[in-house]
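The values are calculated or read from the model by the stated rules, or taken from the named source; none is laboratory data. Everything numeric here is computed off the predicted structure, so don't read it as measured data. Here the Cβ is made from the backbone with ideal geometry for all residues, glycine too, and neighbour counts use every protein chain on show.
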Amino acid sequence: MTTTPTYVPGHALLAGKGVLITAAAGTGIGAATARKCVEEGARVVISDKHERRLAETALELGVHGIPCDVTNEDDVQRLVREAAIHLGGIDILVNNAGLGGSAQVHEMTDEQWSVVLDVTLTGTFRMTRAMLNHMYPRGSGVIVNNSSVLGWRAQVEQAHYAAAKAGVMALTRATAMEAAAHGVRVNAVAPSIAMHAFLAKVTSDELLDELSQREAFGRPAEPWEIANVIVFLASDYSSYMTGEVVSVSSQHA
């Protein structure tokens, strides 16, 4: 039996904080996180490669949008500079940019492999590197990465995506050990499945139903349910957590 979750209102968990979120256009986890951060009292800048959707989402949420392709180092550096100016300093980065796809390993091309790794793993690295150079002089900051349970679990046709997300987990843990000395925390969420319009567009109904039935609640997560955990990790409620990967799932990893 599936249950309909009740939306959780804000509790000022991020009051006064400056937050930058990548890949936040549209209806997915990034946009849901931006909405939750606003509701929690933060000043928010969102970014995305898709400029039209970015402008629409920024207008809807009442936040500032800056276009950025996380595979381009110049874009990344410009994003951090402009967001820091707009926010008066960045306290929190949410690395949400990622790219999926489906292909079996024996048929997968170098291009299919490389583009997923470049956006999902190397893009997270580029943003993290730029942000650490902003946060270290300030002596504080929080980075929350969006990984996936596929970093732990096996699923056919997802070798490139799983490898990238496992890499995000490892990057999270290693970076956290370096950043702790500078007052910066780095954690990650690992969602199983969160339903939104883009996922429904690129995934068959049969696969979505199969994945949903694996969950104890018999349904996918709402994007805002993932955003709630991201907000927790970004907030002072998780002040003793760093280098952790939190599974946001209703089944065991």
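Could you tell me whether any residue of segment 59-80 is in contact (Cβ under 8 Å) with a residue 40 or more places away in the chain, in contact with a Gly (Cβ under 9 Å, 6 or more places away or on another chain) and loosely packed, with under 14 Cβ neighbours inside 10 Å? No, segment 59-80 contains no residue that is in contact (Cβ under 8 Å) with a residue 40 or more places away in the chain, in contact with a Gly (Cβ under 9 Å, 6 or more places away or on another chain) and loosely packed, with under 14 Cβ neighbours inside 10 Å.
From the list LYS49, LYS36, the lone residue that is buried (at least 17 other Cβ atoms within 10 Å of the Cβ), closer than 21 Å to SER147 by Cβ, in contact with a Cys (Cβ under 8 Å, 6 or more places away or on another chain) and in contact (Cβ under 8 Å) with a residue 24 or more places away in the chain is LYS49.
The number of residues in segment 175-214 that are polar (S, T, N, Q), modelled with pLDDT under 75 and in a helix (DSSP H, G or I) comes to 2. Of all the residues in segment 126-168, those that are more than 19 Å from VAL186 (Cβ to Cβ) and of a type outside the set (Val, Ile, Thr) number 11.
Of all residues in segment 226-253, exactly one satisfies the criterion of being out of contact with any Phe, Trp or Tyr (no Cβ under 9 Å at 6 or more places or on another chain), closer than 11 Å to ASN187 by Cα, not aliphatic (A, V, I, L, M) and not in a loop (DSSP other than H, G, I, E, B), namely PHE232.
Of all residue pairs spaced 6 or more apart or on separate chains, those with beta-carbon atoms under 7 Å, a first member in segment 117-144 that is closer than 26 Å to ASN228 by Cβ and a second member that is among the basic types (Lys, Arg) are THR120/LYS165; VAL142/ARG185. Just to be sure before I move on: is ARG153 modelled with pLDDT under 95 and among the basic types (Lys, Arg) in the structure I sent? So ARG153 passes the test. Give the residues of segment 91-123 that are in contact with a helix residue (DSSP H, G or I) (Cβ under 7 Å, 6 or more places away or on another chain), buried (at least 24 other Cβ atoms within 10 Å of the Cβ), closer than 29 Å to GLY62 by Cα and not hydroxyl-bearing (Ser, Thr, Tyr), sorted by residue number. Once the filter is applied, which keeps residues that are in contact with a helix residue (DSSP H, G or I) (Cβ under 7 Å, 6 or more places away or on another chain), buried (at least 24 other Cβ atoms within 10 Å of the Cβ), closer than 29 Å to GLY62 by Cα and not hydroxyl-bearing (Ser, Thr, Tyr), segment 91-123 yields ILE92, LEU93, VAL94, ASN95, ASN96, ALA97, GLY98. One residue stands out in segment 105-161 among those that are among the polar types (S, T, N, Q) and assigned to a loop (DSSP other than H, G, I, E, B): the one that is farthest from ALA180 (Cα to Cα), namely THR109.
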